[in-house]
Each structure stands twice: as structure tokens, then as C-alpha cells.
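Read the structure below first, then the notes.
Taken together, the values in this text are just the output of simple stated rules run on the coordinates, not laboratory data. Small disclaimer: the values here were computed from a predicted structure and weren't measured. Positions of Cβ are generated from backbone atoms using ideal geometry, with glycine treated the same way; all protein chains shown enter the neighbour counts.
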Amino acid sequence: RQLELDLREALAAEEFHLVFQPQVDSTGLKLAGFEALVRWTHALRGPVPPNDFIPIAEETGLIVPLGRWVLETACRQAVTWATSVPVAINLSPVQFKDRQLVDTVRQVLAETGLAPGRLELEITEAVLLQNDDVTMTMLHDLRALGVRIAMDDFGVGYSSLSYLRRFRFDKIKIDRSFIADLDRGTDNAAIVRAMAQLGSSLGIDTTAEGVETDEQLAIVRACGCTHIQGYLVSPPRGAMDVAALIDRLGA
Ligand code: G
Ligand code: G
Ligand code: MN
Ligand code: NA
């Protein structure tokens, strides 16, 4: 497939860049971190959505070098920021098939000088679905490096609750489908409240993803979500705009 061939060359051609979306605490709306998201601008096709190329990168294994580039670039940019909030990156389940993953993270932290506590790794339930000892050992080894581990897209998988039992996450990110549905009926608020209470009982933060309106903000705050992320605060922005976001949101 053409996209696969192009993907192979895109890394060398520097066609990727990162955008950063702020995460803020739900009461003061003060900066609490940034999530880095990869973007691909194809020389001929223009922007290619991650939902189109990430699956191909996963099928072909290209997600391993691409993921390393994301990690390196996010860390290198985060050390230049005038804030000490963490930067979060997304890790694909396929990256856990790479036995070098832990070493790569250790190396990149050493090379860039980013404090390990400022790196957050977002994983989805698909990682834990590979319920094998190797994956669990890798998660514990990553944690031992001092990085933070967040459960992304929480609530939409098969057995979210059992995964919380298997690994002590630093953060739960409530999938944005729950937030989008808040305007439609009170059951959805009850579910978000239950997830926030779960986080609170476990002593971990809960981030409501995809908050777009003041009404949604009011509801997730009342539900007890500790943090929010979404277009209401800011869409993901290029590296050049991060300084302005830090100024606007404090840190
Ligand atoms: O940024 P956007 O909403 O278009 O991202 C679409 C999907 O692509 C999301 O599920 C997001 O987690 C994923 N994604 C974005 N950047 C990365 C990345 O660097 N690595 C991986 N594995 N997934 C990413
Ligand atoms: O799967 P993950 O949570 O990593 O995906 C994050 C994606 O969600 C990013 O691609 C980002 O562009 C998108 N996103 C962030 N905030 C909002 C929002 O408020 N509304 C919508 N629809 N998408 C959002
Ligand atoms: Mn994410
Ligand atoms: Na998510």
C-alpha cells in the first residue's frame, strides 16, 4: 500500500510533528500537564489523520521507530518549557511487543535530561489485554524509572475495572464519549461520577477528556473529576504556541 511506503519515508523526511494539548485542574483551570499528539503532513496529500496512519504503523511495526521519535521529541521539547508540568505521550500496545521499550525510555530520559516524573505514558486497555507477565514486568520496570502511567480511554473497554486491580495507575482518563453524552440524560453523569469516585477511592487523579462546553465543565467538576482536557481549554497546538498556553494557564 502506498501509505505504508510513504510512512517508511516520512520519518526520514521529517514529515511528522507534535502538537500539545493542555490538561488543567477542574477547579482553578490551572495548567497541570500537556498531552503530545503526533501529526503527519504528507508532502503531496497534506495532513493525514492519526486514525488513518497509526493503525498502519501498528500493522507494519513502524510504530516502534515512530513511537521512539514521539518520545524523544516530546521530552526534548518539554525540557525547554517554562514550567515543570509533565508531558504525556501515547503508547501503542505494539510498542510493548518491543523488548527494548524500557531501555529506550531510560535512554531518552538520560539523553534529554527530562526529570522522569515529568514523563507520563498513556496506555489503553489494549495493552493490558495482552495479559502476559512480560507486559506487566515492563509496566513495573517503567514505573521504577519514575515515570507516570495513565490509563487512557477509560470505560470503553471490556473489563476496565479488573485492569485497575492489576496495576496501580497514576491517572485515569475518562473516555471522551462519556463527556460528549453528558448533555443527554442524567445516567451519563451518574457513570462519570462513579468513575471519579473510583479514582478518588484509589487516591488517583481522574481527567475528563473532550470537555467542550461550560456545561460539561460544570458537570464533570460536580462529579468530582480532578482534571479536564478538551477544546474548552484549548485544542492541541504546535510547539511554538506552548509558551503562550503556559502564560495563559499559569503553572
Ligand atoms: O489527536 P487525535 O484525536 O487526532 O488522535 C487520534 C488518535 O491517535 C487518538 O486515539 C490518539 O491517542 C492517537 N495518537 C495520537 N498521537 C499518538 C502517538 O504519538 N502515538 C500513538 N500510539 N497514538 C497516538
Ligand atoms: O485517544 P486519545 O485520548 O489519546 O485521543 C486524544 C484525541 O482527542 C486527540 O486527537 C485530540 O485531538 C482529541 N480531542 C481533544 N480534545 C477534544 C475535544 O474537546 N473534543 C473532541 N471531539 N476531540 C478532542
Ligand atoms: Mn491519549
Ligand atoms: Na483518550
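Figure the gain on full extension for residue 191 and residue 168 (residue separation times 0.36 nm, minus the Cα-Cα span) and round it to one decimal in nm.
Length gained, residue 191 through residue 168: 6.2 nm.
Top mean-square fluctuation among 153, 187, 141, Gaussian network model of the chain, C-alpha springs under 10 Å?
Most flexible of the set in this elastic network: 187.
For a quick check of your reading of the filter: which chymotrypsin sites (Phe, Trp or Tyr not before Pro) in the range 79-167 sit in a DSSP loop and have no more than 15 other Cβ atoms within 10 Å?
Answer in residue order: 158.
Mind giving me the nanometre distance, one decimal, between the label points for residue 69 and residue 240, set 7 Å out from Cα along Cα→Cβ?
2.0
What number, in nm² with one decimal, is the all-direction average of the projected area of the convex hull of the alpha-carbon atoms of the range 127-251?
9.0
So which aspartates and glutamates pass the test for residue 97, namely a Cα distance under 17 Å, with those fewer than 8 places away in the same chain ruled out?
In chain and number order, the partners are 58, 59, 122, 125, 132, 133, 141.
From largest to smallest, what semi-axes in whole angstrom does the range 191-251 give when each is the square root of 5 times an eigenvalue of its alpha carbon gyration tensor?
25, 13, 9
Could you work out how far the C-alpha centroid of the range 164-194 sits from that of the range 227-248, in angstrom?
22
Magnitude of the Cβ-charge dipole of the range 2-249, K/R +1 and D/E -1, about the Cα centre, nearest 20 debye?
660
Ranked by Cβ crowding within 10 angstrom, fewest neighbours first, how are 136, 240, 195 ordered?
Arranged by neighbour count, lowest to highest, 136, 240, 195 become 240, 136, 195.
Hey, can you list the DSSP H helices of the chain whose Cα span along the axis is 20 Å or longer and whose average Kyte-Doolittle score is at least 0.0?
63-78, 186-202
Give a quick list of GluC sites (Glu not before Pro) in the range 1-55 that DSSP marks as loop, anything other than H, G, I, E or B, with at most 14 other Cβ atoms within 10 Å.
14
With N residues in the range 2-249, what two-decimal value do you get for its Cα radius of gyration over 2.2 N^0.38 Å?
Cα Rg divided by the expected 2.2 N^0.38 Å: 0.99.
Based on the alpha-carbon set only, what is the convex hull volume of the range 11-105 divided per residue, in Å³?
Convex hull of Cα atoms, per residue: 128 Å³.
What length, rounded to one decimal in nm, is gained on full extension from residue 248 through to residue 111, with 0.36 nm per residue of separation minus their alpha-carbon distance?
Net length gain for the segment: 46.3 nm.
Provide the gained length on full extension for the span residue 104 to residue 181, in nm with one decimal, where the gain is 0.36 nm per separating residue minus the Cα-Cα distance.
Answer, rounded to one decimal: 23.9 nm.
Could you check which residue among 217, 161, 31 shows the biggest mean-square fluctuation in a GNM of the chain with a 10 Å Cα cutoff?
Checking each option, the largest mean-square fluctuation is seen for 161.
How many angstrom lie between the Cα centre of the range 61-97 and the Cα centre of the range 1-18?
Each part reduced to its Cα centre gives a spacing of 17 Å.
Ignoring trypsin sites (Lys or Arg not before Pro) that are buried or in helix or strand per DSSP, and keeping those with at most 14 other beta carbon atoms within 10 Å, what is the longest stretch of the chain between them?
That gives 100-167 as the longest site-free run.
With only alpha-carbon atoms in the gyration tensor, what are the semi-axes of the equivalent ellipsoid for the range 43-95, in Å, largest first?
The three semi-axes for the range 43-95 are 24, 15, 9 Å.
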